[in-house]
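Here is the structure we will look at, set down as structure tokens.
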Amino acid sequence: MKKREQAKRKDNVIFFPGIEKRLTAKGLESLDNKKFNEAINLLEEAKELDPDNDDILIGLVFAYFEVASFKKAKILANEMLLKGIGDYFQMVDLYLTVLIQLHEYQEIVSTIEVLLDEKEIPPEKHDHFITILQFSRRMAENRQQDITETVPEESTVKQLNLFEIDNLNDQMLLVASLAEKNIRPYVEEIAEYLKADGGHPFLKTMLLTLLQEQEIERELVVRKFSMEEKVIPTQLPEVKLQPRMIKVKELLADGLESDNPVLFENTVGMIERIFFISYPFELEPESSAAWAGAFHLLAQEYMGLDPKIGKIASEYAVHPKEIGQAIVKIEEIEKISYPNI
């Protein structure tokens, strides 16, 4: 006769048998459906009950990455590598991708050099890792040198050819490599990319940030989501200091932070992701309260609750139609993934 599973107890809360399996299944389903913040909430709960479960941990790394919680993704991926959890080279790939986002190029170099020394890399992945190694070595060396503003001769400047690169991941690596270069010789080509109907909105934000950091004062046209705007990079707010985003966070902090700090933190990740991809546009509706209400409603849905739009609209003193309008935009942008190696 099969022994009955005992209920688990944590912090004086009793969990019924099998709940971690249900949380895991629901969390992975949310991950497949690109509901990343919902997946994080569910998988973090499952991890509390089953901390060594491969599926839970791998799912969490992917979800953290998708909401740009790169430091959390790095810590967890590194722990999994040390413990030998999951497919080893899948985890190495994911770990390196996170390190690129954090600009930790020396760590990438060290990781790949150890793999090469130990002859651990499969033949079919050899070129892939060598490419990342060469790129990271250049970036690490550049960071150790004093950067001097010297404009290369026009004949020695290579074109970016972003339109000719089909692979989004290769585009991301190319744009990331510009961070340590004088970007001025590439401004004309970047301007063409920014005003094109095509082009990934994530990459366009990266390029605008680079132009801003290097104090480019030229007027540029940016197109995203069938919208167009003329901007001067030096006059734009920093991505992390967009006034509306700050206001939305403040409003949500009042409504969520004290009641559910973990959920609030994960919701902030979604807010930053949405505003990063939509930058520099301020999407309709104009009301920051409507956006806060939309994020609050989605956060409750991710918890498996059944929030009422009318109640939330009343709480944030906005019309339900405006919250609905913001939700449509959020869900549209949530379908856009970050580049991956």
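The condition of being surrounded by fewer than 21 Cβ atoms within 10 Å (Cβ to Cβ), within 20 Å of the chain's Cα centre (by Cα) and of a type in the set (Phe, Trp, Tyr) holds for only one of PHE276, PHE295, that being PHE276. Among the helices (runs of 4 or more DSSP H) confined to segment 54-119, the ones with at least 1 residues that are in contact with a Gly (Cβ under 7 Å, 6 or more places away or on another chain) and surrounded by fewer than 18 Cβ atoms within 10 Å (Cβ to Cβ) are located at 54-66. The sole residue among ALA317, ALA326 that is crowded, with 19+ Cβ neighbours inside 10 Å and either in contact (Cβ under 8 Å) with a residue 24 or more places away in the chain or among the small types (Gly, Ala, Ser) (or both) is ALA326. Taken over segment 169-208, the residue count meeting the criterion of being surrounded by fewer than 20 Cβ atoms within 10 Å (Cβ to Cβ), farther than 22 Å from LYS335 by Cβ and either at pLDDT 90 or above or touching a His at 6+ places or on another chain (Cβ under 7 Å) (or both) is 6.
Filtered by the rule that a residue be assigned to a helix (DSSP H, G or I) and closer than 23 Å to LEU43 by Cα, segment 290-310 gives ALA294, PHE295, HIS296, LEU297, LEU298, ALA299, GLN300, GLU301, TYR302. Pairs are defined by a Cβ separation below 6 Å, a sequence spacing of at least 6 or placement on different chains, a first member in segment 77-100 that is closer than 19 Å to HIS126 by Cβ and among the aromatic types (Phe, Trp, Tyr), and a second member that is open to solvent by less than 30 Å² (accessible area, probe 1.4 Å) and assigned to a helix (DSSP H, G or I); the pairs so defined are TYR95/ALA77. Considering only segment 223-240, I want to know if a residue exists there that is more than 23 Å from GLU188 (Cβ to Cβ), out of contact with any helix residue (DSSP H, G or I) (no Cβ under 9 Å at 6 or more places or on another chain) and surrounded by fewer than 19 Cβ atoms within 10 Å (Cβ to Cβ). Within segment 223-240, one or more residues are more than 23 Å from GLU188 (Cβ to Cβ), out of contact with any helix residue (DSSP H, G or I) (no Cβ under 9 Å at 6 or more places or on another chain) and surrounded by fewer than 19 Cβ atoms within 10 Å (Cβ to Cβ). When segment 11-59 is examined, which residues are found to be of a type in the set (Asp, Glu) and at pLDDT 80 or above? The answer is GLU29, ASP32, GLU38, GLU44, GLU45, GLU48, ASP50, ASP52, ASP54, ASP55.
Residue pairs whose Cβ atoms lie under 8 Å apart, separated by 6 or more positions or on different chains, with the first residue in segment 277-296 and more than 14 Å from THR205 (Cα to Cα) and the second at pLDDT 95 or above and among the acidic types (Asp, Glu), are PRO285/GLU322; SER287/GLU322; ALA290/GLU322; GLY293/GLU322.
The values are calculated or read from the model by the stated rules, or taken from the named source; none is laboratory data. Because the structure is predicted, anything quoted here is derived from the model rather than measured. Quick reminder, even Gly has a Cβ in these numbers, built from the backbone with ideal geometry, and neighbours come from all protein chains shown. Accessible surface is based on the protein model in full, side chains and every heavy atom, while ligands, DNA and RNA are left aside. Shrake-Rupley method; radii C 1.70, N 1.55, O 1.52, S 1.80 Å.
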